[in-house]
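The values are calculated or read from the model by the stated rules, or taken from the named source; none is laboratory data. Bear in mind that the values here come from a model prediction, so they are computed numbers and not experimental data. All Cβ positions, glycine included, derive from the backbone under ideal geometry; neighbour counts span all protein chains shown.
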Amino acid sequence: MNKEQMDADIESELEKVISGEKHTECEYTQKFIKVLDDGRVQAKITCDNEWLEEPVSVITNDDRIGVTPFHKGHVAKLVAQKDNGDEVILYGYFPENTGGGPVREKDENHYIDGICQTLISGPTNHLFGGY
């Protein structure tokens, strides 16, 4: 089997997984990017942000998503991208159902849900802490 066929087979299998199970109740779109050397999948997730009133995207499993334990969950900082290519920092909160350790190791569905919630309702630096 050649590399092109292997890549096509991987993408086909990933598309089945991605389109099969619903990861969150949030409205989002996703696009497969690639499989990393350690086996994690990168996908571009896009949601409409209620503060910016436009779609924003982030790629999973890369250094643009940061989470740190806080209280009974995790605080998230996402470096998202607008349609025009501009970057925007969004802040969010992943509730306690993500578990006690690194979010990505606990439950992929909670990870996707936390990302989508942050993309949808996460405030920017400018709006953070404002009412």
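Please specify each residue of segment 53-74 satisfying the condition of being in contact (Cβ under 8 Å) with a residue 12 or more places away in the chain, out of contact with any Pro (no Cβ under 8 Å at 6 or more places or on another chain) and in a strand (DSSP E or B).
GLU54, PRO55, VAL56, SER57, VAL58, ILE59, ILE65, GLY66, PRO69, PHE70, HIS74
Inspect all residues belonging to segment 89-106 and state whether any of them is touching a Ser or Thr at 6+ places or on another chain (Cβ under 7 Å), of a type in the set (A, V, I, L, M, F, W, C) and either farther than 25 Å from SER12 by Cβ or at pLDDT 90 or above (or both).
Yes, some residue in segment 89-106 is touching a Ser or Thr at 6+ places or on another chain (Cβ under 7 Å), of a type in the set (A, V, I, L, M, F, W, C) and either farther than 25 Å from SER12 by Cβ or at pLDDT 90 or above (or both).
Given the conditions (1) outside any strand (DSSP E or B); (2) under 11 Å from the mean Cα position of the chain (by Cα); (3) at pLDDT 90 or above, and given that CYS47 satisfies all but one, which numbered condition is not satisfied?
Among (1) outside any strand (DSSP E or B); (2) under 11 Å from the mean Cα position of the chain (by Cα); (3) at pLDDT 90 or above, the lone unmet condition for CYS47 is (1).
Please go through (1) surrounded by fewer than 13 Cβ atoms within 10 Å (Cβ to Cβ); (2) of a type outside the set (Val, Ile, Thr); (3) more than 29 Å from LYS3 (Cα to Cα); (4) without any contact (Cβ under 8 Å) to a residue 40 or more places away in the chain for GLU50 and return the number of the only condition it doesn't satisfy.
In the conditions (1) surrounded by fewer than 13 Cβ atoms within 10 Å (Cβ to Cβ); (2) of a type outside the set (Val, Ile, Thr); (3) more than 29 Å from LYS3 (Cα to Cα); (4) without any contact (Cβ under 8 Å) to a residue 40 or more places away in the chain, GLU50 misses (4) alone.
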